[in-house]
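Asks: Once you've had a glance at the structure underneath, I'll fire off some questions.
The values are calculated or read from the model by the stated rules, or taken from the named source; none is laboratory data. Values in this document were obtained by computation on a predicted structure and should not be read as measured data. Counting neighbours? That spans all protein chains shown, and the Cβs are built from the backbone with ideal geometry, glycine included. Just the protein is used for accessible areas: all its heavy atoms, side chains included, with ligands, DNA and RNA removed. Shrake-Rupley method; radii C 1.70, N 1.55, O 1.52, S 1.80 Å.
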Amino acid sequence: GGAAGASPGSGARRLAFDPRRGRRGAGTGAACCLRHSQGAPETMQKDPGYEDVLEEVLQALASAVERAHQAGVDPARVWVDPGIGFGKTLAHNLELLRRLGELRTLGQPILVGTPRKAFIGRILGRVPPADRSTGAGSTLAGRTRRGADSGRVPALGPACVVGGGTDAVLPPGRPPPP
């Protein structure tokens, strides 16, 4: 484990530490995206550890979803994000991407962001961030087949090229084999 939690928006664990944020947000009708992270931003990548990364992410997100609902956020406006790259190793990130569909048990739409993440650079052989768009596009193609409803990519063009090629080989709606 470690200090894990789920957080809205850009990653600060605000809803967990300040429930008033949820109530203020609920009053606007805005959507709320709860992203998992482990540890503080300054140290989260030092030595992330989980006994079962998916189970721990699921538990933290379930608690965050409950807090959002208790704060009055419309359940239809709550999204969850497993927090790829936020206190996770390469192995943790890949495990979460491969098992995204299991987050469906939370009953919320799933958002996954992998734009120019360090793990893509490691997979592609230490490619610098500026050259990771195609790698990020491939994670978009894979994650939509694994259960994500939406995602962030660094550049739409390469993502569309990769997605179009993937759709030609593996039509949408047919998940890849496990």
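Asks: Take the residues in the stretch 66-98 that are under 14 Å from the mean Cα position of the chain (by Cα) and open to solvent by 70 Å² or more (accessible area, probe 1.4 Å); name whichever of them is farthest from R126 (Cα to Cα).
Replies: Residue satisfying both the conditions and the ranking: W79.
Asks: Okay, next question. Could you tell me which residue of the stretch 102-120 is most open to solvent (accessible area, probe 1.4 Å), considering only residues that are closer than 16 Å to A60 by Cα and among the polar types (S, T, N, Q)?
Replies: This residue is T105.
Asks: Out of the residues in the stretch 104-121 that are among the basic types (K, R) and farther than 17 Å from L34 by Cβ, state the one that is nearest to the chain's Cα centre (by Cα).
Replies: Quick first cut of the stretch 104-121, residues among the basic types (K, R) only: 104, 116-117.
Pick out the ones that are also farther than 17 Å from L34 by Cβ and you get 116-117.
On the way: R116: 14, K117: 12 Å.
Here the answer is K117.
Asks: Can you tell me which of (1) out of contact with any strand residue (DSSP E or B) (no Cβ under 6 Å at 6 or more places or on another chain); (2) within 21 Å of K46 (Cα to Cα); (3) not basic (K, R) is the one G113 doesn't meet?
Replies: (1)
Asks: Please identify the pairs in which a residue from the stretch 45-73 that is aromatic (F, W, Y) has its Cβ atom under 7 Å from the Cβ atom of a residue that is at pLDDT 90 or above, counting only partners at least 6 apart or on another chain.
Replies: What qualifies is Y50/E56; Y50/H92.
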